[in-house]
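Asker: Sharing a structure with you now.
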Ligand code: AMP
C-alpha cells in the first residue's frame, strides 16, 4: 500500500518521501482515510507506531486547501517533549505548504509564546495547563478550531489533566472534528471519549502490548548491584543510543553522574531540570553527544530519537502501561530494539504483570555475580531461578546468560519487521 491512495497534496507527498516513509504504518493505513473524510476517530495505538503522522497528514491536507492565518487545529499532549516532537513532525511533513505550527507549554516564559501567537499559527500543539492559561488570558483565539486532537489521552488522565481538558474543550466550537489517541482504554478514558467524540470510527492496532519489534529481557539483580550490572551491560553489548529509566528524579541524576564518572557519555533528563537544560539533554542525546540518557517516565514521554538501540529499566516501571511507553522509545516504526529490565526481589508485582503480557517473548538473563549481594532479594531470586530451571527443563529452552559473553545479544525469538 502506498500513500498515493489517500490523494494527498503533492507537496505533502514530497515531504512524506523526504522523511523516507515508503508505505503507511498500520495505524496510518487505517486512520488517515476516515480522518480525511471528516470522521471523529478513536485511535488505540501504542507509541512508536507512527500515530503522529496518522493525524498530522490529514490535518495538513485540510489546511493546505484552506490557507488562513488563524488557529485551525489544536493538538493537546501530556508533556513538553511530546509537544515539541509533534511540532517537529508538523514542520517536516508540512514543509513548503505554508501551514505553520507552534508548540506551547509551561516552564518557559509566556511572553515569547504570546508574541509567536500574535504572528499567527495554524496548528497549535500544547500541554493542557499552559494552553488553558493562554485561553484565560485571551492570548489565543480558539474560536476557529476545526480539529481537536487529544494525544496520549491515557497519560493526560494519569497526570491529572482531565479537568483542564474539559475546560479547554468547553471553549472550542462544538462543530469540530475530534481525534483521540490512547495506548490504553481505561474506564475514565472511555467516559471522556463518549463525551468528546461523535460517532467515532475506532481504529485499534493489534493488541495493546509492548511493540513487537522489541526483544524483552529481565535481569534479576540485587538492589545494590544495579550500577554494576548496568556498566556490565553497557560494556558487553553492542549498544547504540541507550535510554535508562529510573523511578525518581534524584536517581536519574545520580545514575547519570555515576556513569559520567565511569567514563560514559551520559546525561540526565528529569522534571527538576529547567526547560533549557531538558532541551540541552534531549538535543545532546539526539545529536549523539551523549550516548546514554538517564530519564524519569514523565520527562521521557514522547521522546523520539532515531535508533535508540536499548531501553534499560534500571527501576522496573509500576505498570504494564508505563512499561509499554518506556520501551516504545526503541523499536520505533520498522526498527528493532532491546528492552532490559532490572528486577529485584521486591519487584514481584509489576514483574508478574509484565511477564503475563509478554509471555514467551520474555527472556530471563541471569548474571550470577549481580544477583548475589542483596540478601533481602536472595530468596526471591532463588525461587525465580528454580522456576526458570523447571520451565526451561520443560520447554527445552536455555538460560540466556551465556549470550552475554558475546558482544551483542541475538535473541532467538526477535520479531523483526513492522510493529503490529
Ligand atoms: P510515532 O508513533 O508517531 O511517535 O512515530 C514513531 C516513528 O515512526 C517516528 O520516528 C516516525 O518518524 C516514524 N514513522 C512514522 N510513519 C512512518 C512510516 N510510514 N514509515 C516509516 N517510519 C515512520
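Asker: Out of everything in region 285-319 that is at pLDDT 85 or above and part of a helix (DSSP H, G or I), what residue ends up being farthest from residue 342 (Cα to Cα)?
Answerer: 287
Asker: Let me ask something additional. Give me a count of the residues in region 42-79 that are more than 7 Å from the ligand (Cβ to nearest atom), in contact with a helix residue (DSSP H, G or I) (Cβ under 6 Å, 6 or more places away or on another chain) and farther than 20 Å from residue 122 by Cβ.
Answerer: 5
Asker: Now a separate question. Output the qualifying pairs, or none if there are none: Cβ atoms under 7 angstrom, residues six or more apart or on different chains, first residue in region 11-29 and under 13 Å from residue 93 (Cβ atoms), second residue within 7 Å of the ligand (Cβ to nearest atom) and assigned to a loop (DSSP other than H, G, I, E, B).
Answerer: Close Cβ pairs (under 7 Å, with a partner that is within 7 Å of the ligand (Cβ to nearest atom) and assigned to a loop (DSSP other than H, G, I, E, B)) amount to 28/50.
Asker: For residue 179, all conditions in the list (1) at pLDDT 95 or above; (2) within 21 Å of the chain's Cα centre (by Cα); (3) in a loop (DSSP other than H, G, I, E, B) hold save one; what is the number of the exception?
Answerer: Of (1) at pLDDT 95 or above; (2) within 21 Å of the chain's Cα centre (by Cα); (3) in a loop (DSSP other than H, G, I, E, B), only one is false for residue 179: (3).
Asker: Right, next: Give the residue, chosen from 243, 259, 282, that is outside any helix (DSSP H, G or I) and either surrounded by 22 or more Cβ atoms within 10 Å (Cβ to Cβ) or within 20 Å of the chain's Cα centre (by Cα) (or both).
Answerer: Being outside any helix (DSSP H, G or I) and either surrounded by 22 or more Cβ atoms within 10 Å (Cβ to Cβ) or within 20 Å of the chain's Cα centre (by Cα) (or both) holds for just one of 243, 259, 282, which is 243.
The values are calculated or read from the model by the stated rules, or taken from the named source; none is laboratory data. All values reported here derive from a predicted model rather than from experimental measurement. When we count neighbours, we look across all protein chains shown, and the Cβ atoms used for this are built from the backbone with ideal geometry, even at glycine.
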